[in-house]
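Written out below as structure tokens is the structure these notes cover.
The values are calculated or read from the model by the stated rules, or taken from the named source; none is laboratory data. This structure is a prediction, so every number in the text was calculated from the model and none was measured. All Cβ positions, even for glycine, are placed from backbone atoms using ideal geometry, and neighbour counts span all protein chains on display.
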Amino acid sequence: MQHQQHVFVGGEWAQPHGTERLDVHSPATEAVIGSVPLAARPDVDRAVAAARQAFDGGGWADLDPGQRLAYVNRFAAAVTARSAGFVDVLSAEVGLPRASLPAGQIAKAEGVFTAYAQLAAEYPWSETRTGSRGRTLRVHRRPVGVVAALVPWNAPLFIAALKLAPALLAGATVVLKPSEEAPLHASLLAECAVEAGLPAGVFNVLVALPEVSEYLVTHPGVDKVSFTGSTAVGRRIGELCGHDIRRCTLELGGKSAALLLDDFEPTEANARSLATGAMANSGQVCAAQTRILAPRQRYGEVVEAVAAAVEGLRVGDPQDAGTNVGPLVSARQRERVEGHLARGRSEGARVVVGGGRPAAERGWYVQPTLFDRVEPQMALAREEIFGPVAAVLPYDDEEHAIALANDSSYGLAGAVWTSDAERGEAVAGRFRSGSVAVNSPAPLDPHGPFGGFKQSGIGREGGPEGLTAYTEYQTIVLPG
């Protein structure tokens, strides 16, 4: 049980202004496992003021990039040192299978810090260009200012690292707002900031409900908002930031396709990878490849292979080392997923595997589910479900397959599966998606930019592009 009493503002644990608290429930048992204080508007004012002071007058933005890198490296080392604690908390509050966390959250967060340490050392913070009429141009990349970083519940440590590492290295200061479904781990991040010796106000943490979160997004002391979450919430944040001409990065939803070319081999290993790509973290992944596109002439063969892989997934207690699929994060999320299951049946799709709840007496579980006989216009093929639900759709030829892959209001990620990697790369290049993997369910690498086309978002995280997102260009024109 973790009953936190304070907010982390200005480098210290402070008493919140209000008395309202938030209970945190275990998705596996439905029991209360902790509580946190909810921020009120005065807490937002205080956190933004602390971040503003650290940026404007605290010297953080004026440090040499190598000095900021030393701080961030210490922060990363503190995260690694607390890896066991992060595993405990994330498994408890999110329901992530404990066995998957070292590789799925801890190692990925560490990989982000490592990648950005390398990128920052090579990053062109300033350059000299020759202008017209013999003028000299100094082009500098200055830190953007105070950042409101809003992190979702499904992969909170990894996504926090994707925001914190580049923001801090760029010289920005941060107010982190974790999701109300998964706020407990954020106190560990605050402890890491203290251990790393980050100057007061450089990193702050507030837990807030939507009304106060919106106040943070619109606060005049905030220069940039970085949000990862649903397209619906991202649309609202985009509207608010657009009104104030506030910079924003929005990494939003997806309905990604795994395209199996006609030379795909439906081996047991490949089928397991397809099941993983669709159902890792109980399908609660923005880049989940839940539309599996199969050649019509091999449709039955693919459905059979993927169904066997899905059926082999073990659903259960996230603390059990043998569990592949844990619960959904909340009762509300389970109701939403079950609504999609019912709608899929009503529209004429067939459940091949799963389709209901497992026998667990407690917990917000849904069986891993595979549908076939799915048509492109069905909700199963168009709407982001955010649960362990995949659909297999047939295609006639390669042109039809690419058209199906791109027939979505989203464009976040995808995959191409083939025995010819060169052909796979050519087909991947025709996707209208931000990232496409060849023969892998993993389309994100921290050394490269990740983000979406269309309603999957604006901007990129990862790679030097993710670092640039926390900077502003400044050009100084010198006489010739």
- Are there any pairs, at least 6 apart or on different chains, whose C-beta atoms fall under 9 Å, with the first in the range 342-370 and in a strand (DSSP E or B) and the second at pLDDT 95 or above and among the hydroxyl-bearing types (Ser, Thr, Tyr), and if so, which? VAL351/THR369; VAL352/THR369; VAL353/THR369
- Query: Looking at ASP43, is it closer than 18 Å to PHE203 by Cα, in contact (Cβ under 8 Å) with a residue 40 or more places away in the chain, out of contact with any Lys or Arg (no Cβ under 9 Å at 6 or more places or on another chain) and not aliphatic (A, V, I, L, M)?
  - Reply: yes
- Determine if the range 240-248 includes at least one residue that is among the β-branched types (Val, Ile, Thr), part of a loop (DSSP other than H, G, I, E, B) and on the phi > 0 side of the Ramachandran plot. yes
- Please name all residue pairs, on different chains or six or more residues apart, with Cβ atoms under 9 Å, provided the first residue is in the range 457-480 and is in a strand (DSSP E or B) and the second residue is surrounded by fewer than 15 Cβ atoms within 10 Å (Cβ to Cβ) and among the polar types (S, T, N, Q). ILE476/THR136; VAL477/THR136; LEU478/THR136
- Query: Restricting attention to the range 200-214, does a residue exist that is in a helix (DSSP H, G or I) and aliphatic (A, V, I, L, M)?
  - Reply: yes
- Task: Collect the residues in the range 1-11 that are of a type outside the set (S, T, N, Q) and over 18 Å from LYS177 (Cβ atoms), keeping them in residue-number order.
- Result: MET1, HIS3
- Query: In the range 407-456, which residue that is in contact (Cβ under 8 Å) with a residue 40 or more places away in the chain and among the basic types (Lys, Arg) is surrounded by the fewest Cβ atoms within 10 Å (Cβ to Cβ)?
  - Reply: ARG423
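Condition check ((1) surrounded by 19 or more Cβ atoms within 10 Å (Cβ to Cβ); (2) of a type outside the set (A, V, I, L, M); (3) at negative phi) across all residues:
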position	(1), (2), (3)
PHE264	yes, yes, yes
THR267	no, yes, yes
ALA287	yes, no, yes
VAL303	yes, no, yes
- Name every residue in the range 457-480 that is of a type outside the set (Ser, Thr, Tyr), surrounded by fewer than 21 Cβ atoms within 10 Å (Cβ to Cβ) and over 16 Å from the mean Cα position of the chain (by Cα), in order of residue number. PRO464, GLU465, GLU472, GLN474, ILE476, VAL477, LEU478, PRO479, GLY480
- Task: Sort out which residues of the range 285-311 are farther than 18 Å from ALA403 by Cβ, touching a Pro at 6+ places or on another chain (Cβ under 7 Å) and either not in a helix (DSSP H, G or I) or not assigned by TED's automatic domain parsing to the domain that holds ASN324 (or both), and write them in order of number.
- Result: ALA287
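Has the range 142-161 got any residue that is assigned to a helix (DSSP H, G or I) and basic (Lys, Arg)?
no
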- By residue number, the members of the range 312-333 that are in a helix (DSSP H, G or I) and not charged (D, E, K, R) are ALA331, GLN333
- If you take the residues of the range 166-197 that are surrounded by fewer than 24 Cβ atoms within 10 Å (Cβ to Cβ) and of a type in the set (D, E, K, R), which of them is nearest to ALA78 (Cα to Cα)? GLU195
- Query: Quick check: is even one residue across the range 235-244 crowded, with 21+ Cβ neighbours inside 10 Å and assigned by TED's automatic domain parsing to the domain that holds TYR395?
  - Reply: no
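Looking at the structure I just gave you, is ARG41 among the basic types (Lys, Arg) and under 25 Å from LEU162 (Cβ atoms)?
Judged against the criteria, ARG41 is not a match.
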- Item | Total residues in the range 222-240, condition farther than 24 Å from LEU157 by Cβ, touching a residue at least 24 places away in the same chain (Cβ under 8 Å) and over 20 Å from the mean Cα position of the chain (by Cα) | 2
